[in-house]
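Engineer: I have a structure here, written as structure tokens, and I will follow up with some questions on it.
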Amino acid sequence: MQLPTSPDFTLHGKRALVTGATSGIGLGAATALARAGAHVLCVARGAGPLADLAAAMAREGLSCETLVLDITDIAAMRAALAEADPVDILVNSAGMARHGPALDTTPEDFDAVMNVNLRAAYFLSTAVARRMIEAGLRGSILHVSSQMGHVGGIDRGVYCASKHALEGMVKSMAIEWGPHGVRVNTLCPTFIRTPLGEQTLADPVRRAWIEDKIKLGRVGEVADIMGAVVYLCSEASALVTGTSLLVDGGWTAD
């Protein structure tokens, strides 16, 4: 009997780009990819946090470089990626939330969230995919979406709109770029303990709502998303595209 070959979860020889890399889920993604063997280009708006991240990576013997960049500046983002070597992996973890009742949403709030969560994600995807296709790379593009890309939520009209739109965008891009070997997926976490998430968890009413919805009975930790990131960016998920991996503790099961 010939046993099947196990899938490869390692990323040795791969180049990865991670946005929002200095905190929360982005930091977890950058760390997970580097520990799996990838050289990681860590992108964020703050030079200080990026320097701290590079130092921490170096102490662990991990391979990374940093780039100060606001991905909502489409021209600057395109110019920076045109100058850099093409990457095999993109993890876009940059995101924004302005929660509140839909009746109180201002056009400024709406535009701010959509600018980061959808517009920047769209043009970042196209810029990275173009370089992948030109270089003949069979790449993986992963957007950090949310369980709120699949359901509704209290005071989350604009945020849900941006994430539902992101899910549709990813499906369409997966269809278009599949013939080139470029995969496009989303990772959809529940509430994760991050500096941003703690703002919601500090509210007793919101925390009770969250704990009631998560069937496994606990809020997520950054470590909970790290294995999923490596899976979706490695050859272990070579036939996975145009879909979502929900790391939501069962929130969307009912």
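Rule-based calculations on the coordinates, nothing more; no lab input. None of these values were measured; they are calculated from a predicted model. Note that each Cβ is placed from the backbone with ideal geometry, even for glycine, and that neighbours are counted across all protein chains shown.
Engineer: K215: which aspartates and glutamates have alpha carbons under 19 Å from its alpha carbon, excluding same-chain residues fewer than 8 sequence positions away?
Structural biologist: Qualifying aspartates and glutamates at Cα under 19 Å: D224, D248, D254.
Engineer: In Å and whole numbers, how far do the C-alpha atoms of the stretch 69-214 stretch along each principal axis, longest first?
Structural biologist: Each principal axis gives a Cα extent; for the stretch 69-214 these are 51, 30, 25 Å.
Engineer: While we're looking at this one, here's another question. What are the GluC sites (Glu not before Pro) within the stretch 1-108 that DSSP puts in a loop, where the Cβ has at most 13 other Cβ atoms within 10 Å?
Structural biologist: Sparse-neighbourhood loop GluC sites (Glu not before Pro): E60.
Engineer: Which residue, chosen from I175, A79, M226, occupies the Cα position most advanced towards the positive end of the dipole of the chain, where the dipole is computed from +1 (Lys, Arg) and -1 (Asp, Glu) charges on Cβ about the Cα centre?
Structural biologist: After comparing all options, I get I175.
Engineer: Can you name the helices of the chain, as whole DSSP H runs, whose Cα span along the helix axis is 20 Å or more and whose Kyte-Doolittle mean is not below -1.0?
Structural biologist: Membrane-span-like by this criterion, though nothing is claimed about a membrane: 121-135, 157-177.
Engineer: First select every other residue whose beta carbon is under 9 angstrom from the beta carbon of W251; then total the charges, Lys and Arg +1, Asp and Glu -1. Numbers along the way, then the final one.
Structural biologist: Details: positive: K213, K215; negative: D248, D254.
Summing Lys and Arg as +1 and Asp and Glu as -1 gives 0.
Engineer: Considering only the other residues whose Cβ falls under 12 Å of the Cβ of T126, what net charge follows from Lys and Arg at +1 and Asp and Glu at -1? Don't skip to the answer; put the middle values down first.
Structural biologist: On the way: positive: R78, R119, R130, R131; negative: E176.
So the environment of T126 carries a net charge of +3.
Engineer: Follow-up question, since we're still on this one. Only four residue types carry charge here, +1 at the Cβ of Lys and Arg and -1 at the Cβ of Asp and Glu. Report the dipole size of the chain about the Cα centre in Debye, rounded to the nearest 20.
Structural biologist: Values: 21 positive and 26 negative charges, 71 e Å.
Charge dipole, the chain, about its Cα centre: 340 debye, nearest 20.
Engineer: Next question, about the same structure. Grab the other residues whose beta carbon is less than 13 angstrom from that of E176, score K and R as +1, D and E as -1, and report the net. Don't skip to the end; give the middle numbers.
Structural biologist: On the way: positive: R130, K171, R183; negative: none.
Local charge sum for E176: +3.
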